[in-house]
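Working notes for the structure below.
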Amino acid sequence: MADIAAAKKPIAGLQGVVVADSEISYVDGQAGKLVYRGYSIEDLAANSTFEETTKLLLDGALPSRSELDQFEAELSGARVLDSEIIDLIRAYPTDAQPMAVLRTAVSALGLFDPDSEDIGPDATRRKAIRLVAKFPVIVAAFERHRNGHDPIDPRDDLAHAANFLYMLTGSDPDPEDARVMDVCLILHAEHGMNASTFSARVTAATLSDIHSAVTSAIGTLKGALHGGANQEVMKMLLEIDQRGIEPADFVRAMLDRKERVMGFGHRVYKTMDPRAPILRRFSRDLTARAGQQKWFTISEQILETMAAEKGIDPNVDFFSASTYHALGIPADLFTPIFAISRVSGWSTHVEAQYRHNRLIRPRANYVGPRDLTYVPIEKR
Ligand code: COA
């Protein structure tokens with residue numbers, strides 16, 4: 001075979017490179033559409049639940065009532081963490097970054113999973129369900145630990161989103177809050193060949209196990225240019241408020257310094273990210289209900305300035321920041337919430353990768369020196 005890499009220039013950021021066929025989701029960047037398994041994100045946000053959407057992603061079709069009941073029971077039955085994992089979380093530094101905690105705890109889950117090294121389809125599905133079930137329990141347990149409290153045991157009578165909110169505080173969540181969280185989880189569950197999903201697939205393609213693949217994905221989601229953007233948005237809103245600066249002036253100064261305004265822009269969407277208007281409504285309604293309209297107002301002014309100055313639209317992270325803040329969630333849990341949701345998509349992609357596997361192994365265009373002769377250390 002010809003040596004393709006030797007003749008080719010690298011494609012920066014792999015932009016536009018297609019690495020797999022996929023039946024899982026479709027991101028139409030020109031039209032601003034996102035479709036999971038044929039269903040638009042707007043339709044799923046209006047009518048589905050996170051559990052049903054996860055089942056849809058994993059199986060490729062909407063479940064029947066009995067299939068969904070069974071799936072929900074499997075998920076709620078898999079929530080409890082082994083005492084060893086709770087002990088590990090209790091040993092983590094209380095000032096640890098929650099995504100680093102999640103990455104470490106999920107890696108540790110693999111050590112205790114009965115199917116740990118089995119990468120067959122049945123074992124992988126069992127592990128996927130356990131991972132989806134346990135993510136919120138880990139995040140809530142660490143939130144309790146760092147505030148000096150014992151973790152709150154998950155309840156199996158609450159839905160996934162409601163149980164997460166319950167485990168943060170110990171109180172039954174307001175039904176409206178629980179539904180907002182449920183929809184936020186639907187919106188973040190899957191998004192084509194994004195960076196963290198690609199990480200998961202690269203790891204799975206070596207025939208490594210799903211815990212390893214999902215751990216790779218968490219590390220990738222953590223960065224500020226991917227899932228980490230939502231907490232950076234909140235930092236920006238807080239800074240604008242604390243310094244009493246006009247949002248438009250703040251944004252213009254950032255752009256003058258050639259800085260990125262977090263929560264804006266997207267590699268694929270060249271128009272509005274279809275998840276942003278749904279989150280914008282949540283932000284508007286929840287901040288009003290909490291008497292914290294200022295976060296929505298500041299967000300709107302940032303949005304208008306970005307549109308006028310750069311013509312760049314908000315992405316999923318922008319209005320999720322003020323939405324989660326109005327729910328009383330600390331900013332550094334915003335990205336873990338993204339992970340709580342996206343583990344559904346990652347798991348689906350890991351299964352798909354195993355089904356049609358080929359090692360993912362690109363090339364680099366070598367531009368370094370050649371033909372050097374080794375110089376003994378005492379002569380350098
Ligand atoms: N703030 C300011 N300018 C931005 C911007 C942002 N958030 N996003 C893109 N741009 C500008 C770039 O400066 C560049 O302008 P230029 O051509 O004048 O230099 C142009 O838009 C294209 O940006 P580029 O970096 O090539 O796009 P990308 O596809 O590599 O990057 C992101 C995509 C998401 C990494 C980028 O938009 C970004 O950094 N956004 C902020 C982080 C974020 O919200 N991430 C979450 C994504 S869901």
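So, Pro63, is that one without any contact (Cβ under 8 Å) to a residue 12 or more places away in the chain and either open to solvent by 60 Å² or more (accessible area, probe 1.4 Å) or more than 27 Å from Glu232 (Cα to Cα) (or both) or not? Against the criterion (without any contact (Cβ under 8 Å) to a residue 12 or more places away in the chain and either open to solvent by 60 Å² or more (accessible area, probe 1.4 Å) or more than 27 Å from Glu232 (Cα to Cα) (or both)), Pro63 qualifies.
Restricting attention to the range 49-60, the residues that are surrounded by fewer than 20 Cβ atoms within 10 Å (Cβ to Cβ) and in contact (Cβ under 8 Å) with a residue 12 or more places away in the chain add up to 3.
Inspection of the range 31-48 finds a residue satisfying the criterion of being more than 22 Å from the chain's Cα centre (by Cα), at pLDDT 95 or above and either more than 22 Å from Leu225 (Cβ to Cβ) or within 16 Å of the ligand (Cβ to nearest atom) (or both).
In the set (1) of a type outside the set (Lys, Arg); (2) away from the ligand (no atom under 11 Å from the Cβ); (3) within 20 Å of Gly29 (Cβ to Cβ), the condition left unmet by Asp317 is number (2).
Conditions tested, residue by residue: (1) in contact with an Asp or Glu (Cβ under 8 Å, 6 or more places away or on another chain); (2) hydrophobic (A, V, I, L, M, F, W, C); (3) closer than 30 Å to Met193 by Cα.
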position	(1), (2), (3)
Ser322	no, no, yes
Ala326	no, yes, no
Arg342	yes, no, yes
Asn357	no, no, yes
Tyr366	no, no, yes
Val375	no, yes, no
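Residues considered: Ser171, Ser116. Of these, the only one that is without any contact (Cβ under 8 Å) to a residue 12 or more places away in the chain, surrounded by fewer than 19 Cβ atoms within 10 Å (Cβ to Cβ), within 21 Å of Gly77 (Cα to Cα) and hydroxyl-bearing (Ser, Thr, Tyr) is Ser171. Among the residues of the range 255-272, is there at least one that is at pLDDT below 95, within 16 Å of the ligand (Cβ to nearest atom), outside any helix (DSSP H, G or I) and of a type in the set (D, E, K, R)? The answer is yes, given that some residue of the range 255-272 is at pLDDT below 95, within 16 Å of the ligand (Cβ to nearest atom), outside any helix (DSSP H, G or I) and of a type in the set (D, E, K, R). With respect to being at pLDDT 95 or above and under 13 Å from Ile340 (Cβ atoms), Ala140 fits the description.
The single condition among (1) part of a helix (DSSP H, G or I); (2) away from the ligand (no atom under 14 Å from the Cβ); (3) under 23 Å from Ile129 (Cβ atoms); (4) of a type in the set (S, T, N, Q) that Ser208 does not satisfy is (1). For the range 74-91, a residue qualifies if it is in contact (Cβ under 8 Å) with a residue 60 or more places away in the chain and open to solvent by less than 70 Å² (accessible area, probe 1.4 Å), and the qualifying residues are Leu75, Ser76, Gly77, Arg79, Leu81, Ile86, Ile89.
In the range 30-95, which helices (runs of 4 or more DSSP H) lie fully inside it and hold 1 or more residues that are in contact with a His (Cβ under 7 Å, 6 or more places away or on another chain)? First the steps, then the outcome.
Details: elements: 41-47, 50-59, 65-77, 83-91.
Answer list for the range 30-95: 50-59, 65-77, 83-91.
What residue, among those in the range 184-200 that are open to solvent by 10 Å² or more (accessible area, probe 1.4 Å) and more than 12 Å from the ligand (Cβ to nearest atom), is farthest from Asp59 (Cα to Cα)? Going through the qualifying residues, I end up with Ser199.
Keeping to the range 240-251, report how many residues are away from the ligand (no atom under 16 Å from the Cβ) and either over 23 Å from Phe319 (Cα atoms) or touching a helix residue (DSSP H, G or I) at 6+ places or on another chain (Cβ under 9 Å) (or both). Selection size over the range 240-251: 4.
Taking the conditions exactly as written (out of contact with any strand residue (DSSP E or B) (no Cβ under 6 Å at 6 or more places or on another chain), small (Gly, Ala, Ser) and either open to solvent by 10 Å² or more (accessible area, probe 1.4 Å) or away from the ligand (no atom under 14 Å from the Cβ) (or both)), does Ala178 satisfy them or not?
Numbers: out of contact with any strand residue (DSSP E or B) (no Cβ under 6 Å at 6 or more places or on another chain): yes; small (Gly, Ala, Ser): yes; either open to solvent by 10 Å² or more (accessible area, probe 1.4 Å) or away from the ligand (no atom under 14 Å from the Cβ) (or both): yes.
In short, yes.
For the range 218-238, the candidate set comprises residues that are away from the ligand (no atom under 14 Å from the Cβ) and under 20 Å from Asn315 (Cα atoms); within that set, the residue that is least open to solvent (accessible area, probe 1.4 Å) is Ile218.
The values are calculated or read from the model by the stated rules, or taken from the named source; none is laboratory data. What you are looking at is a predicted structure, and each value in this text was computed from that prediction instead of being measured. Positions of Cβ are backbone-derived with ideal geometry, glycine not excepted, and every protein chain shown enters the neighbour counts. Keep in mind that these areas ignore ligands, DNA and RNA; they rest on the heavy atoms of the full protein, side chains included. Shrake-Rupley method; radii C 1.70, N 1.55, O 1.52, S 1.80 Å.
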